[in-house]
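Below is one structure, written out as structure tokens; the observations come after it.
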């Protein structure tokens, strides 16, 4: 960069005007504003140097020259070029968008002024970033192409090199824990057969730093208060690919707790209550982890009592003899916080009142962390929202008040449309329906549908109000008509026409449990198919073909799931009992139980255990359990890998049927269980709308009272359970849930109908 000024003999004059030449992009006003002189000022040679330094300080010019034309000051400039484009080539480990963001932070971006020194600094920084990733042989080169109209194009050539691999991790100074134990703590590992996939043998400075912090925490949690990492050496082989790490440690001695002391401002919380929350005790080996957990327990307890901004700080102090430690907790409860206002954001459809009735934290009362979190969980369980977040900012200018702000992201809760669905076993499902679980944002659900498939024609109307009363007593109604041909559903040859209605009430027991009661009426007409099975013919001959039933039911439902749709945590269970009452033409009962529980295995993986049990029996004058009320097993949501409803007992063909095959007829006892590993799918950003699992299913249906005519009546037997394993994916779309499963049946027996691929549109499980 060259700069000069025209020294004119006796360069001292009064400026009558200023003329700027060479400007292309920069305005003359910017130049006038940068020079510390105005028209009418007297300047000399020293002032000329001041003007030039001021103009160069703007970093807009490569060259500046000054001249005098009479009493006119002439400024000749050469503007720095602007950046027209920036391109990267050869980068894979770091995406171009991330590199462009880094350049922009350094002042290099399209449309900005080009500075060669900044480009050189950027190249050095990029190389440093690659070194941090363990790519010691990475190299950065740049090409600058001049373009017309004082523009440049920058091309950054990236040679990422290879990630250096760890060949040895040597621990020096450890006597309490061996090298293998310590290395197991590290994220960085020695090469193994899976290293090509896990990448854990690739060196990274950031990972090494994190591993050293993990090592320090490991010792501190076991009482070694004076533990230190004295030095760390990272040696790079001449090939720039092999890394050798040496860590020198000083373990020190192990300390036990001599006593626990509490000080500070506890307000109205007894010290005994605080002391019960402390996990460290006299005579125990000191643990920083227990001390940290104790801090959290104290803060949560104080927070639940309204002290939102309470703090608890634990610290170990050596005793005078230096042989043990005193664990001291300083507690500052602060002022009790009261809730000024609870507000909701993001609920464009759902009414505020629907969200507000789920609140366990009330406005005007003192703030409770437990109530705030419980309210958040209840919003998540509604099933109306993808995500719920909560913030508790302090009210500006008021020391003892906070606001609570819930932010929700709504998701589709129903549809009004003509529908087209498909289930592999049942074929196309056509219908007209209005289905909404959040009618007009009221939180009520309503269903009006008319559907037809290869096996069923149905019409139904239902309504459910979860808050029939202000104390969350629910009420629901339903009316239905169904005409079902079970022959088309992989079941025995018969059909039913059913018309019924019911009313139900639900009563809350606590935050997660309810009791449910219902009463219903149903009229069923059974039609025999061609050559009906002997089990069906015998039942119809004994009991008739038309049945009017009055039923009552009671149930218990508990849900502590983290979400209403596709949960990944918590548990739920449902127990129901249904029976006919006097006035019914059949006397029988049904007991159903279903439960599921989730166990987190890691941040990404969750274990889900599920079970479904069912039993039906008779009483009074009815001796045989109605076959059309049987349980069925097999298919999606049941034992995958087997065709829907095909497991269990089969019919005995009619003496007049010479060629027919036995058909599944179900049973009065259902046993099913499954274990699933829920895992995230790669490249899927929103995991809340998709569930992918590896599963093992087990189950079957049985008959506890086999007719003497049955040739294949499955009595309860552990050896008759069917097993399968596979992978399943469910996706919640704006149209409908889509599910498919790839399964393998383990112990398929003769007569079982296996099915490796199963698909369904319209149900979640």
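The values are calculated or read from the model by the stated rules, or taken from the named source; none is laboratory data. Because the structure is predicted, anything quoted here is derived from the model rather than measured. Cβ placement follows ideal geometry from the backbone for every residue including glycine, while neighbour counts extend to all protein chains displayed.
Descriptive notes on the structure:
- Unique residue being crowded, with 16+ Cβ neighbours inside 10 Å, modelled with pLDDT under 90 and not assigned by TED's automatic domain parsing to the domain that holds residue 386 when the list is 658, 689: 689
- Flag if residue 613 is in the same structural domain as residue 559 (by TED's automatic domain parsing), within 28 Å of the chain's Cα centre (by Cα) and either in a strand (DSSP E or B) or crowded, with 20+ Cβ neighbours inside 10 Å (or both): no
- Among the residues of region 194-209, those that are at pLDDT 70 or above and in a loop (DSSP other than H, G, I, E, B) comprise 201, 203, 204.
- Scanning region 693-709 for residues that are over 18 Å from residue 670 (Cβ atoms) and crowded, with 18+ Cβ neighbours inside 10 Å turns up 693, 695.
- Single residue of 50, 31, 117, 74 found to be at pLDDT 75 or above, touching a strand residue (DSSP E or B) at 6+ places or on another chain (Cβ under 6 Å) and either closer than 30 Å to residue 240 by Cβ or assigned to a helix (DSSP H, G or I) (or both): 31
- Per the listing 645, 630, the residue uniquely at positive phi and touching a residue at least 24 places away in the same chain (Cβ under 8 Å) is 645.
- Contacts under 6 angstrom Cβ, first residue in region 228-257 being within 18 Å of residue 207 (Cβ to Cβ), partner modelled with pLDDT under 90 and outside any strand (DSSP E or B), 6 or more apart: 236/136; 241/162; 241/164; 243/164; 243/203
- Restricting region 710-723 to residues that are touching a strand residue (DSSP E or B) at 6+ places or on another chain (Cβ under 7 Å) and either modelled with pLDDT of 90 or more or outside any loop (DSSP other than H, G, I, E, B) (or both), the residue that is surrounded by the most Cβ atoms within 10 Å (Cβ to Cβ) is 722.
- Selection status of residue 62, outside any loop (DSSP other than H, G, I, E, B) and within 60 Å of the chain's Cα centre (by Cα): yes
- Some residue of region 622-633 being surrounded by 20 or more Cβ atoms within 10 Å (Cβ to Cβ) and within 33 Å of the chain's Cα centre (by Cα): yes
- Filter result (under 30 Å from residue 225 (Cα atoms) and part of a loop (DSSP other than H, G, I, E, B)) within region 322-372: 322, 323, 333
- Some residue of region 111-124 being in contact (Cβ under 8 Å) with a residue 40 or more places away in the chain, buried (at least 17 other Cβ atoms within 10 Å of the Cβ) and under 35 Å from the mean Cα position of the chain (by Cα): no
- Check on residue 608, surrounded by 16 or more Cβ atoms within 10 Å (Cβ to Cβ), in contact with a helix residue (DSSP H, G or I) (Cβ under 6 Å, 6 or more places away or on another chain) and farther than 18 Å from residue 630 by Cβ: no
- Flag if residue 55 is in contact with a strand residue (DSSP E or B) (Cβ under 9 Å, 6 or more places away or on another chain), without any contact (Cβ under 8 Å) to a residue 60 or more places away in the chain and not in a helix (DSSP H, G or I): no
- In region 676-686, the residue that is modelled with the highest pLDDT out of those that are outside any strand (DSSP E or B) and under 11 Å from the mean Cα position of the chain (by Cα) is 680.
- Filter pass, residue 56 being modelled with pLDDT under 85 and over 60 Å from the mean Cα position of the chain (by Cα): no
- If the condition is being surrounded by fewer than 16 Cβ atoms within 10 Å (Cβ to Cβ), in contact with a strand residue (DSSP E or B) (Cβ under 7 Å, 6 or more places away or on another chain) and at pLDDT below 80, then region 724-750 contributes no residue at all.
Each row is one residue, and each column tells you yes or no for (1) in contact with a strand residue (DSSP E or B) (Cβ under 9 Å, 6 or more places away or on another chain); (2) touching a residue at least 60 places away in the same chain (Cβ under 8 Å); (3) farther than 13 Å from residue 257 by Cα; (4) assigned by TED's automatic domain parsing to the domain that holds residue 395.
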| site | (1), (2), (3), (4) |
| --- | --- |
| 297 | yes, no, yes, no |
| 305 | yes, yes, yes, no |
| 309 | yes, yes, yes, no |
| 318 | yes, yes, no, no |
| 322 | no, no, no, no |
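- Close pairs from region 84-106: first assigned by TED's automatic domain parsing to the domain that holds residue 130 and in a helix (DSSP H, G or I), partner surrounded by 13 or more Cβ atoms within 10 Å (Cβ to Cβ) and at pLDDT 80 or above, Cβ under 6 Å, at least 6 apart: 96/88; 99/88
- Selected residue (only one of 645, 592 is closer than 30 Å to residue 751 by Cα, assigned by TED's automatic domain parsing to the domain that holds residue 705, buried (at least 18 other Cβ atoms within 10 Å of the Cβ) and in contact with a helix residue (DSSP H, G or I) (Cβ under 7 Å, 6 or more places away or on another chain)): 645
- Members of region 268-285 that are in contact (Cβ under 8 Å) with a residue 60 or more places away in the chain and in contact with a helix residue (DSSP H, G or I) (Cβ under 8 Å, 6 or more places away or on another chain): 269
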